[in-house]
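First up is the structure itself, then whatever we jot down about it.
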Amino acid sequence: MTRAVVFDLDGTLIDSAPDIHAAANRLMGRHGFASFTAAETRSFIGNGLPHFIACCLQARGHAPDDALQAQLVAEFMAEYETAVTLTEVYPGVPEALSRLTLDGVLLGLCTNKPHRPARAVLQHLGLSAQFPVIVGGDSLPVRKPDPAPLHAVIDAIGARHVLYVGDSEIDAETAQRAEVRFVLYTEGYRKTPAHEIPHARAFSDFADLPGIVTQLMS
């Protein structure tokens with residue numbers, strides 16, 4: 001039985017909010033907008049970079065402007081690959097990934113973070129070898145919660161029995177639409193109570209994840 005666990009990235013494996021917050025303030029400051037609190041930018045994370053920039057503009061009272069949004073997305077992308085120095089791996093992640101690999105579970109990554117920044121931060125944190133298959137927010141014409149990115153990871157891995165691990169409402173909807181069981185990490189960037197997010201299991205400590213995988217896939 002080929003088993004696989006596919007992970008979200010931001011808010012699930014890594015806490016990248018501090019780097020995203022700092023980069024957003026640098027970007028918006030250059031264009032004359034007031035800086036954001038960490039809580040503001042954290043609330044914008046999860047639905048891809050264009051959505052993140054749109055939220056930034058809306059939060060500062062700027063009317064929809066496709067040209068400005070496209071410019072800010074391009075400028076943000078230019079520094080996104082090096083915006084890694086404040087990002088940290090959540091406690092227990094490396095050990096959990098190693099345990100899953102030793103148990104014969106294949107790993108993949110399905111994130112709305114653009115592909116190149118996702119690879120860059122994984123490389124910086126020493127996690128890139130764990131994820132031979134990565135689908136980012138710009139890898140396909142659509143992004144989560146469309147199920148196509150998750151299906152693309154599953155197809156590339158070639159697994160028949162799959163779990164998706166994420167931290168947000170978007171991740172839960174993605175799994176539901178892809179008809180994949182969802183495991184919720186409760187310490188990430190979700191905006192609603194955990195009990196309101198559909199999931200097969202929930203956990204707050206990555207030490208518990210290998211056992212959950214074994215139970216759900218036995």
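Only the coordinates and a few stated rules stand behind these numbers; no lab work does. It should be emphasised that the depicted structure is a prediction, and the values quoted were computed from it without experimental measurement.
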Between the Cα axis of helix 148-157 and the main Cα principal axis of the chain, the angle (0 to 90°, nearest 10) is 40
Computed on Cα atoms, the radius of gyration and Dmax of the stretch 108-184 in angstrom are 11.8, 33
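For the stretch 1-121, compute Rg over Rh where Rg is the Cα radius of gyration and Rh is the Kirkwood radius from the inverse mean 1/r over Cα pairs.
On the way: Rg = 16.3 Å, Rh = 15.6 Å.
Over the Cα atoms of the stretch 1-121, Rg/Rh equals 1.05.
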Distribution output for the stretch 64-126: share of Cα-Cα pairs per 5 Å bin in percent, first bin at 0, values 3, 14, 18, 19, 17, 11, 7, 5, 4, 1
Residues meeting the amide H criterion for residue 60 (H placed from the backbone, H to H distance under 5 Å, 5 or more places apart or on another chain) are none
With only helices counted (DSSP H, runs n ≥ 4, each -39500 (n - 2.57)), the per-residue ellipticity at 222 nm for the chain, to the nearest 500, works out to -13500 deg cm²/dmol
Answer check: the chain, Cα atoms, Kirkwood Rh, Rg/Rh ratio of 0.97
Once residue 39 and residue 59 are pulled to full extension, the length gained, defined as 0.36 nm per residue separation minus their Cα-Cα distance, is 6.0 nm
Once normalised by the length of the chain, the mean sequence separation of its alpha carbon contacts under 8 Å that are 6 or more apart gives a contact order in percent of 27
Quick calc of log₁₀ I(q)/I(0), the stretch 17-80, Debye, one scatterer on every Cα, no solvent, q values 0.16 1/Å, result -0.42
Check: C-alpha center the stretch 188-209 vs C-alpha center the stretch 92-143, spacing in Å is 19
